1. Taking region 32-69, which residues are touching a residue at least 40 places away in the same chain (Cβ under 8 Å), part of a helix (DSSP H, G or I) and either open to solvent by 50 Å² or more (accessible area, probe 1.4 Å) or touching a strand residue (DSSP E or B) at 6+ places or on another chain (Cβ under 8 Å) (or both)?
2. Against the condition over 30 Å from W421 (Cα atoms), in contact with a helix residue (DSSP H, G or I) (Cβ under 7 Å, 6 or more places away or on another chain) and among the small types (G, A, S), how does G367 come out, does it pass?
3. Which of the residues that make up region 719-738 are open to solvent by 60 Å² or more (accessible area, probe 1.4 Å) and aliphatic (A, V, I, L, M)?
4. Can you pull out the helices (runs of 4 or more DSSP H) entirely within region 495-607 that have at least 1 residues that are modelled with pLDDT of 90 or more?
5. If I go through region 249-273 residue by residue, how many of them are open to solvent by 30 Å² or more (accessible area, probe 1.4 Å) and polar (S, T, N, Q)?
6. When you look at C120, is it in contact with a Ser or Thr (Cβ under 6 Å, 6 or more places away or on another chain) and without any contact (Cβ under 8 Å) to a residue 60 or more places away in the chain, yes or no?
7. Quick check on my filter: what residues within region 151-181 are surrounded by 15 or more Cβ atoms within 10 Å (Cβ to Cβ), of a type in the set (S, T, Y) and either under 31 Å from the mean Cα position of the chain (by Cα) or over 24 Å from S64 (Cα atoms) (or both)?
8. Every residue in region 307-337 that is over 24 Å from R285 (Cβ atoms), surrounded by 12 or more Cβ atoms within 10 Å (Cβ to Cβ) and not small (G, A, S), please.
Amino acid sequence: SSNRVKGVGDFEWLKQTRFYWKSEAEHIVVSIADNDFAYSYEYLGCKERLVITSLTDRCYLTQSQALGMFFGGAPAGPAGTGKTETTKDMGRTLGIYVVVTNCSDQHRFRDMAKIFKGLCMSGLWGCFDEFNRIELEVLSVVAMQIESIMQAKKQNLKTFMFPGEPSPIKLSISVGYFITMNPGYAGRQELPENLKVLFRSVSMMVPNRETIMLVKLAAAGYSQYTTLSKKFCILYLLCEQQLSKTKHYDFGLRNILSVLRQSGAAKRGEPPETDEEMLFLRTVRDMNLSKLIADDVPLFQALLHDLFPKATNPPKKSYAKLEAMTKRLVQRNGMVQVESWMLKVIQLYEQSLVRHGFMLVGPTLSGKTQIINTLTGAMTEDSNPHRLVVMNPKAITEAQMYGVKDLASDEWTPGVFAMIWQQRNVRTLKYNTWIVCDGPIDAIWIENLNTVLDDNRILTLANNDRIPMTENCRIVFEVEDLRNASPATVSRAGIIFVSSTNLDWEPLAESWLLQRVAASPLRGSHEEGVLRPLFDSWLKAPPPDAGVATHFLDWIARNLKTVLEVNHAIQIVNLLNLLSACLVRQTDLNETLSTVALARLLAYACAWGFGGVLDCEERRKFHNKFMEVLEGSQSEEAIPPCNDGETIFEYVPDWHDKQRSWKMWVPEEWKVPKRLSFSALLIPTRDSVRAEFIVDIIAGLGASSNPPNFKSSLMVGAPGTAKSSTAMMYLQKFSSDTMLSKRINFSSATTPLSFQRAIEGEVDRKTGKTFCPPGGKGLTVFLDDASMPLVNKWGDQVTNEFTRQLIESGGFYFLDRDKRGEFKKIEN
């Protein structure tokens, strides 16, 4: 062949990594091209080695030449091309331990100096991942530090003066430093020229996928590795070209390797005579379907069918015990078994087997949190205990999350996440921990976890702490979308996309009806018998003259303009919470309402559940269509007696009448106060009374997770529409013996920390880490101008992320230095 080696000086031979035993010195020498390296004999464990490809050869060659000329190596290229792994593999080849550091904008020149001094004295290699995330002024000092090491190596010195050190430090000649970069990604900068000249760059753009697939499949024991690797390579090429350009899709090397790992496990777990094509097809399908959006699924399945025509749609691998546990748990929690949603639970389980970091991506109320809770609950019942630690990374600053060094005293304050990580990554723990980051992703905080999410599995902090990840820990991200995530993040995590179609609004209504029956079989059965047909005829059936709309909520979405963006699930949750609040009195007295009364209450809940986010003109359109729906379903008794120009929003069921007959909203008679202060006068109007009533009945409803209810109400409207006045009128009605109130005005300067301090100022310690308002009273907090806090450059309102954590989790994390990583629970 053209590559035939003619002699010892042939470049085809010289470019290989060659090991020689020098008998006179009794020493191993490793030669790459014209550079000889002394083998370092460090035992690095029985690690998986890289597949040798033309790209890894080129990287070895360039980096060995750089070391030969006392430079550093700088592999650069997109995410998932093997930059860090090739550097680590080269270190293993030479018997040298490679210290990987995940660089961030928190790194200061003193932190970098510590790392470089350690490398020089130990003779290890340092690999600085995402080096161009460090701030520019730090990089210019780093250039000076590296130059001093380079000059000392050139002069073959045993000790040298490191910048900023009072006395010389030892220099081991085997020291090396490598930087890996993703040029052009968010949060990265261009390296200064005086730093560039100290490194030899190597471009790593396109890995040799087919070679890697071929070798890995052969190593896993597949006899048809040649044809399967070709088909696999073509499949991913077609996926990149033909599937939609969704942000969370990744068909790169990390995805390929996780598929190959799983297909190897599948091959070993099945009898030897099992059809290999079927096994491989099943693995590729099951591991990719979880992240595809609904529109791409048929196209992906068609591609699979074209490439694997013989293996016709093999059944999904079953996990009988886990599936049985999951179904039992769903039933016990009063939820409905929806096939597409249950499939997501199994897909999450499969991802947790092959990845240590994974993301659940999907819109609000698509069931992401319940998927995590259900799976961990099922595994715990199956004698594999799991615990969840939930935090919102956006409710604190990056410095509070990972830790920060005091510039004056050089003292390190650990971060909330860093402390959680340290407490949970302990091998002796008898349970598994899932650390759930429930909050928006940006290209800053999550990039600090790059070395955690890839094969290094180690958290590196700015103070040079290195906390490895243990086998009993997983990290989970729960996000709405990945619009701000870089490809470096997307490629590192397994992705499960939860579409809104996986769990539409119907299971929420069904689950609510089941819970009513479970709470009181006699009364609940009557309510179910009345309300289920009304749900079907009012909401599920297409309304009259609906056009293309398939049901009433679909008609609202297509024809009415809401003042807030809400999906079907949010609207149905509003309806169910209002309906529950209207039925609280009957539930407490165990009374059964008549069919007409229940129909009127449902009509009222529908009007405000769907129409609460509409302005006056849109409410009129809603009223007209809703009346048509009620007439069309023979529910005339539920229609309020509206005169011309009036709508259902002007009426309310009469709570003193057993039939809940409709009455007009009339504000109570205003009495002149004894001390008249004209500027502070609050006179009730029809609008204020309606809003106050809804706020009051929702606050009186017990908190629940299904449907989600946190006793909170949101008033939306233009300036000057008496939102604050209505809230103040509501707060003034409290008895100071049982309920306290606190008004917090938000502005563009309000930060999560100032909000946290305001809440902490109103509560006293009850027990341990639980706090509550003083004197055993309740506390109602009124957030004025909640939409005012600053929207950052990633499109997130961090102050409202803190608000969400406070409402949803019922507390926040301590920021006191000695209690970092502990959750502060706020009650009442």
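The values are calculated or read from the model by the stated rules, or taken from the named source; none is laboratory data. These numbers come from a predicted model, not from an experiment. Note: ideal-geometry Cβ built from the backbone for every residue, glycine included; neighbour counts use all protein chains shown. For the accessible areas, the whole protein counts, side chains as well, though only heavy atoms, and no ligand, DNA or RNA atoms are used. Shrake-Rupley method; radii C 1.70, N 1.55, O 1.52, S 1.80 Å.
1. Once the filter is applied, which keeps residues that are touching a residue at least 40 places away in the same chain (Cβ under 8 Å), part of a helix (DSSP H, G or I) and either open to solvent by 50 Å² or more (accessible area, probe 1.4 Å) or touching a strand residue (DSSP E or B) at 6+ places or on another chain (Cβ under 8 Å) (or both), region 32-69 yields S54, R58, C59, Y60, L61, T62, Q63, Q65, A66, L67.
2. Working: over 30 Å from W421 (Cα atoms): no; in contact with a helix residue (DSSP H, G or I) (Cβ under 7 Å, 6 or more places away or on another chain): yes; among the small types (G, A, S): yes.
When the stated conditions are applied, G367 does not pass them.
3. none
4. 506-519, 521-534, 552-559, 568-582
5. Going through region 249-273 one residue at a time, the tally reaches 1.
6. On the way: in contact with a Ser or Thr (Cβ under 6 Å, 6 or more places away or on another chain): no; without any contact (Cβ under 8 Å) to a residue 60 or more places away in the chain: yes.
Considered against the rule, which asks whether it is in contact with a Ser or Thr (Cβ under 6 Å, 6 or more places away or on another chain) and without any contact (Cβ under 8 Å) to a residue 60 or more places away in the chain, C120 comes out as no.
7. Listed by number, the list holds a single entry, T180.
8. Of region 307-337, the ones over 24 Å from R285 (Cβ atoms) are 325, 328-336.
Then drop every residue that is not surrounded by 12 or more Cβ atoms within 10 Å (Cβ to Cβ), which leaves 325, 328-331, 333-336.
Scanning region 307-337 gives M325, R328, L329, V330, Q331, N333, M335, V336.
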